[in-house]
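I have placed the structure first, in the form of structure tokens, so that the comments after it can refer back to it.
Read-outs throughout are calculated quantities, based only on the coordinates presented, and are distinct from any laboratory measurement. Everything numeric here is computed off the predicted structure, so don't read it as measured data. Heads up, the Cβs are rebuilt from the backbone with ideal geometry, glycines too, and the neighbour counts pull from every protein chain shown.
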Amino acid sequence: MKKVLFATTALVMTAGFAAADVTISGYGRTGVLYVEDGVDGEGTNDAIIQSRLRMNIDATTTTDSDVEFGGRIRIQWDQGDDETTVAPGYIYVTSNGLSVEIGNSNTAYDSVALMYNSEIGIYSRSFGNSRGDFFAYNTDGYPSFENDTDNDLDTDYLGVMVSYTVDNLTVRASQVDSNQVVSNDGFEKEYGFSVDYVWNDMLTVAAAFVKDGSGIDGNDQYFLGAEYAFNEKTDIGLLYFDNGEDSDGSDADLGNTVTLYGSYAVAPMTLINAYVANNDADSNDTDNSYGIGAEYDLGGAKLAGSIQRGYDELVTADMGVRFDF
């Protein structure tokens, strides 16, 4: 992602001089979203304009020994939200392929390669994604749902992720504590682990596991994925998700999901992508979902759209424009 330099070369009087940078990166998108039978359920409009503006602010400094310290906060506006949100931040340190994040950190399960590669359309959605609940870097502030003990997650949430990359191998481990001050708040600590490897820039394999996802006791989930890239724009992949249990405390089984997806460049500036997924949860109206999308490269921005059908047998579609900076 291209980053825009906001300020450069600050001098820090410590054991020596260090170069400090502040950068802003992100994206903007806007388009039309259509959902059969209402975008927010029965009685709501089938089509709306949906927009987002996201800015990631990263501040880093590199020591004389080539260790990088940094931090990130995110500012985001979404159409329909009451206000623009400033995400809780995280602090990180990285050196020689080893990175540690502390705070509103990313997590090992959410960060695994391939997990979201079936997403299509201007809003990057797919019914072939995981249906489970697990912690991740949170744009909208810390989760506020209640578990079956009627306790809310506290704002003294603490996430820690450690990742190590060597050559084409990346390994990650994470822990999230919903309240590091109160040790018996009704939520479990979430533990995650993931690994992915790329052979010859063509074959990618990935695996991940999360224990007590979103702090819910027994909400364990698994992920396996593989993708073969014929070139930069043409690929085919297969994903498997064990989705764990529903976060509403009902112990409802969210089933297992198998997703087959692929992309194909039909012209130098035009990409077609599609997926088909099967999920065996008892609550489904149908066990099969699918979608097809297209992207057109504008050179610095893209037009994209998709049409998809979910497990409720309802059709959703989108079309719009996105630019990254």
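Relative contact order of the stretch 48-138: what whole-number percent is it, with Cα pairs under 8 angstrom and at least 6 residues apart?
19 percent
Can you tell me the length gained on complete extension of the stretch VAL22 to ALA47, counting 0.36 nm per residue apart and subtracting the Cα distance?
Extending this stretch completely gives an extra 5.1 nm.
Suppose R0 equals 30 Å. What FRET efficiency, 1/(1 + (r/R0)^6) with r the Cβ-Cβ distance, do THR62 and ASP324 give to the nearest 0.05?
Efficiency for this residue pair is about 0.75.
Could you work out the relative contact order of the stretch 4-324? I mean the mean sequence separation of Cα pairs under 8 Å and 6+ apart, divided by the number of residues, in percent.
After rounding, I find 15 percent.
Percent relative contact order of the stretch 285-325, based on C-alpha pairs within less than 8 angstrom and at least six residues apart?
Over the stretch 285-325, the number comes to 38 percent.
If each of LYS189 and ASP167 carries a label point 7 Å out from its Cα toward its Cβ, how far apart are those two points in nm?
Roughly 3.3 nm, to one decimal.
Calculate for the chain the 222 nm mean residue ellipticity that helices alone would give, adding -39,500 (n - 2.57) per DSSP H run of length 4 or more and normalising by residue count, nearest 500 deg cm²/dmol. Mind showing how you got there, number by number?
Working: 1 runs with 4 residues, N = 325.
Mean residue ellipticity, 222 nm, calculated: 0 deg cm²/dmol.
Give me the net charge for the shell around SER124: Cβ to Cβ below 15 angstrom, other residues only, Lys and Arg +1, Asp and Glu -1.
On the way: positive: ARG29, ARG52, ARG54, ARG125, LYS302, ARG322; negative: ASP78, ASP110, GLU119, GLU295, ASP318, ASP324.
In short, 0.
Given a Förster radius of 51 Å and the C-beta distance between GLU83 and ASP37 as r, what FRET efficiency does 1/(1 + (r/R0)^6) yield to the nearest 0.05?
0.95
Who wins for biggest fluctuation among SER214, SER183, SER99 in a Gaussian network model of the chain, springs between alpha carbons below 10 Å?
SER183
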